[in-house]
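Quick notes on the structure that follows.
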Amino acid sequence: MNSVIPISIWSRGLINCFLIKGTHKHILVDTGVPNSEKKILKQLAQHNINYRDIGLIIVTHSHIDHFGSAAKLKETLKAPILAHELDQNSFIAGRADVSTMKLNKSHWWLFKQIIKNQNTVPFTPDILLKGDQVYDLSDWGVQGKVIHTPGHTPGSISIILDNGESIIMDMMASGILLGGVLFHSRVKHPPFHDNLHELKKSFDKVLLEKGERYYLGHGGSLNRAQVKKYFDKYLKHLDNIMV
């Protein structure tokens with residue numbers, strides 16, 4: 001039985017966030033670009049999810065298309081926010097740290113220029129993961145955990161569920177353009193990564209968990225073979241990667 005429900009911020013998988021269904025509380029993973037809160041609440045209602053049953057908000061990393069509406073949703077949902085300490089300065093400032101946005105392809109330069117001038121309502125995370133701390137989600141009625149998966153940003157985190165589903169957000173992408181207009185099964189680099197060597201270690205950690213379905217921030221969900229294909233193409237032999 002699937003626990004993860006995709007929430008579309010931009011259509012066709014261009015920007016995703018997710019709901020994890022729990023037995024007594026649910027978890028919202030990421031909050032989209034600024035002013036996405038009404039869109040998210042509307043889709044929760046369409047899935048018969050009462051927003052009062054959201055017990056936790058997880059922000060996976062410090063890019064504004066993932067934490068843009070966190071402050072407003074925290075106020076509405078009355079739920080604490082969990083994030084990693086290495087990305088907290090961006091949340092407190094309400095701006096992405098562009099120093100971590102190293103281009104994977106030169107044509108994303110203009111996109112970076114647009115993003116670096118964006119800001120949103122700042123917030124302070126209520127629950128801060130430190131180092132490689134693992135966070136157990138069972139208190140929220142969800143069988144799974146949050147782990148530190150740096151590489152996209154220093155404080156990137158992923159959610160590993162016991163049922164074989166994983167949310168790895170911007171560790172990778174699929175489809176075309178920002179992620180997913182067409183060819184959802186085609187793996188690709190996101191526009192940015194902070195540290196490819198750290199990312200490789202994070203993929204080693206994620207793949208060790210034996211997941212079978214992986215949900216991304218940009219593009220459609222992928223199976224294990226597709227994720228392994230990305231790893232083999234872009235990370236297995238880092239000396240051959242052009243960035």
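Observations on the structure shown:
- Residues (in contact (Cβ under 8 Å) with a residue 60 or more places away in the chain and either surrounded by fewer than 20 Cβ atoms within 10 Å (Cβ to Cβ) or under 16 Å from His63 (Cβ atoms) (or both)) located in the stretch 22-32: Thr23, His24, Lys25, Val29, Asp30
- A count restricted to the stretch 52-97 and to residues that are farther than 13 Å from Thr31 by Cβ, in contact with a helix residue (DSSP H, G or I) (Cβ under 6 Å, 6 or more places away or on another chain) and not in a strand (DSSP E or B) stands at 2.
- Considering the stretch 137-152, the residues that are outside any helix (DSSP H, G or I) and in contact with a Gly (Cβ under 8 Å, 6 or more places away or on another chain) include one that is nearest to Pro80 (Cα to Cα), namely Leu137.
- Of all residues in the stretch 50-106 being within 20 Å of Leu137 (Cα to Cα) and among the hydroxyl-bearing types (Ser, Thr, Tyr), the one that is surrounded by the fewest Cβ atoms within 10 Å (Cβ to Cβ): Tyr51
- Residue tally, condition in contact (Cβ under 8 Å) with a residue 40 or more places away in the chain and open to solvent by 80 Å² or more (accessible area, probe 1.4 Å), over the stretch 127-136: 1
- Taken together, the residues in the stretch 171-191 that are modelled with pLDDT of 90 or more and either open to solvent by 10 Å² or more (accessible area, probe 1.4 Å) or among the aliphatic types (A, V, I, L, M) (or both) amount to 4.
- Some residue of the stretch 68-89 being in contact with a Gly (Cβ under 8 Å, 6 or more places away or on another chain), closer than 29 Å to Gly131 by Cα and modelled with pLDDT under 95: no
- Selection count where residues are touching a residue at least 24 places away in the same chain (Cβ under 8 Å) and surrounded by fewer than 20 Cβ atoms within 10 Å (Cβ to Cβ), scope the stretch 11-20: 2
- Close pairs (6 angstrom Cβ cut-off, 6 or more residues apart or separate chains): surrounded by 18 or more Cβ atoms within 10 Å (Cβ to Cβ) in the stretch 213-226, basic (Lys, Arg) anywhere: Ser221/Arg213
The values are calculated or read from the model by the stated rules, or taken from the named source; none is laboratory data. Since this is a predicted model, take the numbers as computed values, not measurements. Glycine gets a Cβ as well: all are built from the backbone with ideal geometry, and neighbour counts include every protein chain shown. Side chains are part of the model used for accessible areas, which takes the heavy atoms of the whole protein and leaves out ligands, DNA and RNA. Shrake-Rupley method; radii C 1.70, N 1.55, O 1.52, S 1.80 Å.
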